[in-house]
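Quick notes on the structure that follows.
Read-outs: derived from the displayed coordinates by stated rules, not from any lab. Just so it is clear, the structure is predicted and the values come from calculations on it, not from any experiment. In this analysis, Cβ positions are derived from the backbone assuming ideal geometry, glycine residues included, and neighbour counts consider all displayed protein chains.
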Amino acid sequence: MTKKTINNKLIFNIEMDENHVPETIEWIAENQENSSCKAVMASIWDENQKNTLRIDLWTKHMMIHEMKHFFVQSLITMSDTFERATNDTESANELREFGKNFGKKLGVLKSEK
């Protein structure tokens, strides 16, 4: 029996100014329309080095309040990914709570009364 391999591509096109600062970021995924964004953070696990490689890009049009919101949402959604990957609900909830508290401190999330 032959296994069928499925390949997909995710492509980022970054247009930069003369100082190498991103002007626009466009991402393309197979079977989806092109989309633009103001920021992207990608973490890549290097199994040999036992280390995380990062790609952090944002355009000069990304406002500080948007970056704060982006970080808070990233923290909270990372907790969801962590829970799915490890089945460690308790630790995922700790990370989720940290993200929510951080968001409240930054003024991105409203405090519950």
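Here are the numbers for the structure shown:
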| quantity | calculated |
| --- | --- |
| Given LYS68/LYS110; LYS68/LYS100; LYS68/LYS104; LYS38/LYS104; LYS68/LYS105; LYS60/LYS100, the pairs whose alpha carbons are separated by over 18 Å | LYS38/LYS104; LYS60/LYS100 |
| Difference of contour (0.36 nm per residue) and Cα-Cα distance, PHE12 to ASN93 | 26.0 nm |
| Distribution of pairwise C-alpha distances over segment 7-61, 5 Å bins, in % | 4, 17, 22, 20, 17, 13, 6, 0 |
| Theoretical ellipticity at 222 nm over the chain - DSSP helices of four or more residues, -39500 (n - 2.57) apiece, nearest 500 | -12500 deg cm²/dmol |
| Taking all pairs of distinct alpha-carbon atoms in the chain, Kirkwood radius in angstrom | 16.9 Å |
| Burial ranking of peptide ranges 39-49, 3-13, 99-109, 75-85 (average Cβ count within 10 Å, highest at the top) | 99-109, 75-85, 39-49, 3-13 |
| Cα pair count fraction exceeding 13 Å, expressed as % - segment 36-85 | 68 percent |
| Rough spin-label spacing in nm, given labels placed 7 Å along Cα→Cβ, for ASN19 and ASN31 | 4.2 nm |
| Cα-based shape type of segment 63-106, given that a ≥ b ≥ c are square roots of the gyration tensor eigenvalues and the cut on a/c is 1.5 | oblate |
| Order by protection proxy (mean Cβ within 10 Å, highest first), peptides 54-62, 66-74 | 66-74, 54-62 |
| Table column - 3J(HN,Hα) (Hz), segment 94-107, Karplus curve with 6.51, -1.76, 1.60, x for Gly and Pro | 4, 5, 4, 5, 4, x, 5, 5, 4, x, 5, 4, 7, x |
